[in-house]
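Report on one structure; see the data block that follows.
Where a number appears in this text, it was derived from the coordinates with a stated rule and is not lab data. Values in this document were obtained by computation on a predicted structure and should not be read as measured data. All Cβ positions, glycine included, derive from the backbone under ideal geometry; neighbour counts span all protein chains shown.
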Ligand SMILES: Cc1cc2nc3c(=O)[nH]c(=O)nc-3n(C[C@H](O)[C@H](O)[C@H](O)COP(=O)(O)OP(=O)(O)OC[C@H]3O[C@@H](n4cnc5c(N)ncnc54)[C@H](O)[C@@H]3O)c2cc1C
């Protein structure tokens, strides 16, 4: 009999784990809190080892085909003039700030979900309410009232995971990155091109516009400051906060703030890393952002979610002792996670200067990094793939 596994969260990590475990012959149920599959989310990228996992799933080409078409990144001044530019075509196939595989989060999650559900049962609009974490089983009571027994529970609920906090109370020691970001979709206008255009205003504010493959434009507003009350202000309060802070920001702020009023796709987050000393306890294991969110500043969160879920499924498949499998998974993923979380807190400050002089210095440094002679340095800076696990012992293709 296949062993029963519960996965909570149907996004990047949860769907990747479901895809592999379903194909390894386990009896997999995925429970997602949202009432239906979540489509939203903005531009994310997959690099290096994460692409290797997608290749092994036969999904790499489709992920490229469904990409946003972003061709590079340009820092602009208040008049839209380019201060520094990194164009992927010039980087000799290497990833720069824009990776070769740029895709909307919802498109990637769906690309994983459609084949995952061929071999796993999905239940939406439900979540874990209580877990009895025993030696041989975890007994789970859901918000819907049902109670089920599983041999393993995989928590893939993202940075704010409630089940993590239930099973590992007080163990997450978050590291706040002092950067608040809002992402939302606005109408596309003539002049929006295939570049990620990034504008810095004083007081640690930045505004960027990215292309997508839906005929719209993806806007991002960020503010470099410690998290404040706006974090818990609800969508209306968060929008009011952004209106107030970006009113005099310059460049395309008026257009972006107008788009903020009508957008139906708003995501607001005060960035924090998830720091856990362990990722498993008994029959419960964490993966993806729920285990180790490194924030978008690390530039490798989605790659780690895909890779971690794949490594976890591989270890579960090849070991009969769950404790040994979970320990091997942690050993394989820790070095990559620790390197990714090592982003210095000064990073957001440098990329979001507070003064005009700071912005001039940033643009100057980026201009130098973009020089053809220094492109190797630039690609190493942006295309980090720290301490990726060795995938050679895991299945190249599922049965
Ligand atoms: C709607 C959405 C939009 C996003 N937009 C961006 C973006 O624009 N840019 C960016 O860099 N990153 C974004 N992210 C985060 C990005 O997807 C992750 O950093 C990364 O891909 C790791 O994925 P993950 O599967 O570990 O976590 P996530 O992608 O965060 O997925 C977690 C999933 O678990 C579900 N969930 C949460 N709590 C429970 C619960 N108690 N029970 C069951 N299910 C639960 C969530 O609804 C979600 O589907 C977004 C995530 C979401 C969910």
Identify all residues within segment 147-188 that are assigned to a loop (DSSP other than H, G, I, E, B), within 18 Å of residue 30 (Cβ to Cβ) and away from the ligand (no atom under 14 Å from the Cβ); write none if there are none.
151
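This table checks each residue for (1) within 18 Å of residue 391 (Cβ to Cβ); (2) more than 9 Å from the ligand (Cβ to nearest atom).
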residue: 279; (1), (2): no, yes
residue: 289; (1), (2): no, no
residue: 295; (1), (2): no, no
residue: 300; (1), (2): yes, yes
residue: 307; (1), (2): yes, yes
residue: 310; (1), (2): yes, yes
residue: 315; (1), (2): yes, yes
residue: 318; (1), (2): yes, yes
residue: 323; (1), (2): no, yes
Kindly list the number of the only condition in (1) in a loop (DSSP other than H, G, I, E, B); (2) within 12 Å of the ligand (Cβ to nearest atom) that fails for residue 264.
(2)
Can we say residue 339 is more than 30 Å from residue 204 (Cβ to Cβ) and either under 22 Å from the mean Cα position of the chain (by Cα) or buried (at least 21 other Cβ atoms within 10 Å of the Cβ) (or both)?
no
Enumerated strands (runs of 3 or more DSSP E) restricted to segment 1-90, each holding at least 3 residues that are within 13 Å of the ligand (Cβ to nearest atom) and surrounded by 18 or more Cβ atoms within 10 Å (Cβ to Cβ):
4-8, 27-32, 43-46
Part of a helix (DSSP H, G or I) and within 16 Å of the ligand (Cβ to nearest atom): which single residue out of 110, 123, 130 fits that description?
110
